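S.K.: Quick one: the structure is below, and I'll ask about it shortly.
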Protein chains: 2
Amino acid sequence: MAQSDTVTRILDTAEVLFAEKGFAETSLRAITTKANVNLAAVNYHFGSKKALIQAVFARFLGPMTQNLEAALDRSQSDVSNGQLTVEDILILVARVMVAESKGSPARLSMMMRLAGLAYTQGQGHLRKFLQNQYTQTFYRLMKITAEATPELKPIERFWRFHFMLGSLVFTMASLESLQAIAEHDFGVRNSELDVIDQLLPFLASGVRAGSLGSPSKGWSLD
Amino acid sequence: MAQSDTVTRILDTAEVLFAEKGFAETSLRAITTKANVNLAAVNYHFGSKKALIQAVFARFLGPMTQNLEAALDRSQSDVSNGQLTVEDILILVARVMVAESKGSPARLSMMMRLAGLAYTQGQGHLRKFLQNQYTQTFYRLMKITAEATPELKPIERFWRFHFMLGSLVFTMASLESLQAIAEHDFGVRNSELDVIDQLLPFLASGVRAGSLGSPSKGWSLD
DNA sequence: TGTACATCAGTGAACGCGCGTTCACTGATGTAC
DNA sequence: TGTACATCAGTGAACGCGCGTTCACTGATGTAC
């Protein structure tokens, strides 16, 4: 059995199991058994479980950020002033993500779960890893979004960006559960593409919402 | 030491540690050590770790759903036809949540983080528990939201409801990190109330966004 | 071409550890008669 | 009032288990001379 085969089988299986059960809840024994690979092979090829988790995400995020950068390049050169709208940006990101998941919604769901964990889970190794590897693309996205929403104050934009991120991450992370509920309650089976189609106008409208401005708007909690 | 004292100390400590590290990553030994309580006390008082997790939720959600129901009663009797707007509903929920956190914003953030974990973390006992215990209030909220958004198709409303939930849960769960970033990047210290003030218009606008309707809207991913 | 050595993917078994849980026990308080 | 028993919060130590990791080893392939 060639190396690439064992390594790939471990990564493929780990990806699926991590997405199904989470990281802590997925043991190396579960992965190696399902992958038909020796238990010690994970530590042989990756060094540790942590390193395996990072390798799983690197395999996904590496190509994805590259595609994202390429798509941004293309879109910006398509318009005369290089200025994209919020809608342009959202569709662009969605397309790259969907393309990168290559028909496997489980993959998409797992990646979003990572984003959630990385943000949420205090000072874990995952967050550090993500920040080190992918800040460049992240900040480019932030910058372009800023140019697309000149009417927002920077601090407002900051929060709204993360509100959007929250909707996306939460929805994708719990996609399977929500799909099941939707099917039970409404008899409709929404694919991940359907859900993204619904999500995009929600996000675009939210990010464009009138600024709070005066307290007369009636939003005050007091 | 009276029973209530030991039980309360376990619940208080578990709440903090669960929110900080997640459920699987927090051991009973960590909880009982920090709470200055015997290891066996958790199993004595609660029966199991699962039951402890549920008790932590119940202590927060029990009173909160009661207050939510009461607030809904009050608001609905205030207006002639009992019909609230989306903005009314959002402010109402926000107020109850803020009130329930009783001046401890950390607690609010903690409960939202726990809720996020519960939703996201696989097929666990937690979601089943939450659904069994709090469906009534949940469905009342859904129903009122439905009446406030008659222009939406049920399935659209379902997804947008969870998009909102995602923004809320994610933002509150990562509140501390985001506050730190905001302070570093923009020199502004936003309280949790400030953040909620920013969140509400975002959500209201998102949930009212034009429905996808025709593909001519340009949202299609194909 | 043959021999000796190096490299490396892969293996089976064991290791130590932290986990949730269990159990026999203590000691204080309440209750029946 | 005194005695016997019941109840119950709390305890210390141990249990079995699954975990990630380690290690000595195999066997195939490549390389130097």
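None of the figures in this text is laboratory data; all of them are computed from the coordinates on show. Remember, it's a predicted structure, so these values are computed and weren't measured experimentally. Cβ atoms come from the backbone with ideal geometry, glycine included; neighbour counts cover every protein chain shown.
S.K.: Nothing charged except the Cβ atoms of Lys and Arg (+1) and of Asp and Glu (-1): what's the magnitude of the dipole of the protein assembly as shown about its Cα centre? Round to the nearest 20 debye.
M.R.: Here the size comes out at about 1220 debye.
S.K.: I want the local charge near residue A:156. Using Cβ-Cβ distances under 12 Å, sum +1 for each Lys or Arg and -1 for each Asp or Glu among the other residues.
M.R.: Numbers: positive: A:153, A:157, A:160, A:208; negative: A:151, B:194, B:197.
Neighbourhood net charge equals +1.
S.K.: Something else now. Segment B:1-47 to segment B:86-156: how many Å between their Cα centroids?
M.R.: So the two Cα centres are separated by 26 Å.
S.K.: Another question, then. How would chain A be classified by its alpha-carbon gyration tensor: rounded, prolate or oblate, with rounded meaning a/c under 1.5 and the a/b versus b/c comparison settling the rest?
M.R.: Prolate, since a/c reaches 1.5 and a/b exceeds b/c.
S.K.: From the label point of residue A:125, set 7 Å from Cα along Cα→Cβ, how far away are the matching label points in the other copies, in nm, ordered shortest to longest?
M.R.: 3.0
S.K.: Could you pull out the pairs from A:50/A:143; A:21/B:21; B:49/B:128; A:50/B:21; A:128/B:21; A:128/B:49 whose alpha carbons sit more than 23 Å apart here? Write out the running numbers ahead of the final one.
M.R.: Details: A:50/A:143 32 Å; A:21/B:21 17 Å; B:49/B:128 16 Å; A:50/B:21 16 Å; A:128/B:21 16 Å; A:128/B:49 30 Å.
Those over the limit are A:50/A:143; A:128/B:49.
S.K.: Report the one residue of B:106, B:177, B:142 whose Cα lies farthest in the direction of the positive end of the charge dipole of segment B:99-183 (charges on C-beta: Lys and Arg +1, Asp and Glu -1; origin at the Cα centre).
M.R.: Going by the Cα projections, it comes out as B:142.
S.K.: In whole Hz and in residue order, list the ³J(HN,Hα) couplings for segment A:41-57 that follow from phi through the Karplus curve 6.51 cos²θ - 1.76 cosθ + 1.60, θ = phi - 60°; x for Gly and Pro.
M.R.: 5, 4, 5, 5, 7, 10, x, 6, 5, 3, 5, 5, 4, 5, 5, 4, 6
S.K.: Still on this structure: Work through the residues other than residue A:55 whose Cβ is under 14 Å from its Cβ and net out their charges, Lys, Arg +1 and Asp, Glu -1.
M.R.: +2
S.K.: Next up: Calculate how steeply helix A:105-120 sits against the longest principal axis of the alpha-carbon atoms of chain A, using the helix alpha-carbon long axis, and give the answer as 0 to 90 degrees to the nearest 10.
M.R.: Helix A:105-120 sits roughly 70 degrees off the main axis of chain A.
S.K.: Copy-to-copy spacing for residue B:8, label 7 Å out on the Cα-to-C-beta vector, in nm, shortest first?
M.R.: 6.1
S.K.: Can you list the distances in nanometres, one decimal and ascending, from the residue B:81 label point to the identical position in each other copy, with the point 7 Å along Cα to Cβ?
M.R.: Those label-point separations list as 4.4 nm.
S.K.: Turning to a different aspect of this structure: How about segment B:137-199: which trypsin sites (Lys or Arg not before Pro) there lie in a loop by DSSP and see at most 13 other Cβ atoms within 10 Å?
M.R.: When the trypsin sites (Lys or Arg not before Pro) of segment B:137-199 are filtered for loop state and at most 13 Cβ neighbours within 10 Å, B:189 remain.
S.K.: If you don't mind, another one. Compute a Gaussian network model of chain A, connecting alpha carbons closer than 10 Å, and tell me which residue from A:45, A:184, A:162 fluctuates the most.
M.R.: A:184
S.K.: Still on this structure: Show me, for segment A:188-193, the HN-Hα J-couplings you get by feeding each phi into the Karplus relation (A = 6.51, B = -1.76, C = 1.60, θ = phi - 60°), rounded to Hz, glycine and proline as x.
M.R.: Here the 3J(HN,Hα) series is 10, 9, 8, 6, 5, 5 Hz.
S.K.: Now a separate question. Give me the angle, in degrees from 0 to 90, between the Cα long axis of helix B:86-100 and the longest principal axis of the Cα atoms of chain B, rounded to the nearest 10.
M.R.: The two axes meet at around 10 degrees.
S.K.: Per the helix-only calculation at 222 nm, which mean residue ellipticity applies to chain A, given -39500 (n - 2.57) for every DSSP H run of n ≥ 4 and division by its residues, nearest 500 deg cm²/dmol? Before the final figure, lay out each step's value.
M.R.: Numbers: 10 runs with 166 residues, N = 222.
Mean residue ellipticity, 222 nm, calculated: -25000 deg cm²/dmol.
S.K.: Rounded to whole Å, how close does chain A get to the rotation axis onto B by Cβ? Give me the residue too, please?
M.R.: A:206, 2
S.K.: If you don't mind, another one. Could you tell me how many degrees, from 0 to 90 and to the nearest 10, lie between the Cα long axis of helix A:125-148 and the main elongation axis, the longest principal axis, of the Cα atoms of chain A?
M.R.: Value to nearest ten degrees: 30.
S.K.: Please list, in chain and number order, the residues 5+ apart from residue B:188 or on another chain whose amide H is under 5 Å from its amide H, with Hs placed from the backbone.
M.R.: Correct list: B:183.
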